[in-house]
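Have a look at the structure below, then the notes.
The values are calculated or read from the model by the stated rules, or taken from the named source; none is laboratory data. All values reported here derive from a predicted model rather than from experimental measurement. Using ideal geometry, Cβ is built from the backbone for each residue, glycine included, and neighbour counts are taken over all protein chains shown. Heads up: the accessible areas ignore ligands, DNA and RNA and are worked out on the full protein's heavy atoms, side chains in. Shrake-Rupley method; radii C 1.70, N 1.55, O 1.52, S 1.80 Å.
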Amino acid sequence: MQFIGREISVKLPPGFSLEKKPPVPDAFTWQGKTHSVVEMLANWHRYGKPEIRTQGGRPPYFVRSGRTQGSWGQGRVYYRVRTDEGRLFDLYYDRAPKGQRRAGAWFLWRELSAEEESVGLEEDL
């Protein structure tokens, strides 16, 4: 497994502009090279801010509901993809707005080996 952690640009399927839960990209560009996505192997999400706690250790209602529904600007949507070259990557869309942009940003989290295809999903977050 190789950690990358870099912002990337993506090409979404035609007609999609969802900012809350975008679809898996058709392609992404990293280090000047475009990688075409041929298969989505898994997807998952993390919503809310679990570090917020009230007295007694229980998160407030808005945080509990945000974990399952998501709140504007909070959370990440993850995708494990295979490219046309057979490489495996984990990408995510960070829903937090960046500066003056209302939309979030896409990141290339890590590259995996073929042996790691089915390990390290939600438990790694």
TODO: Report yes if Val37 is open to solvent by less than 80 Å² (accessible area, probe 1.4 Å), outside any loop (DSSP other than H, G, I, E, B) and either in contact with a strand residue (DSSP E or B) (Cβ under 9 Å, 6 or more places away or on another chain) or at pLDDT below 95 (or both), otherwise no.
DONE: yes
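Let's see how each residue does on (1) surrounded by 15 or more Cβ atoms within 10 Å (Cβ to Cβ); (2) touching a Leu at 6+ places or on another chain (Cβ under 7 Å); (3) modelled with pLDDT under 95:
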site	(1), (2), (3)
Phe16	no, no, yes
Thr54	no, no, yes
Phe62	no, no, yes
Gln74	yes, no, yes
Arg82	yes, yes, no
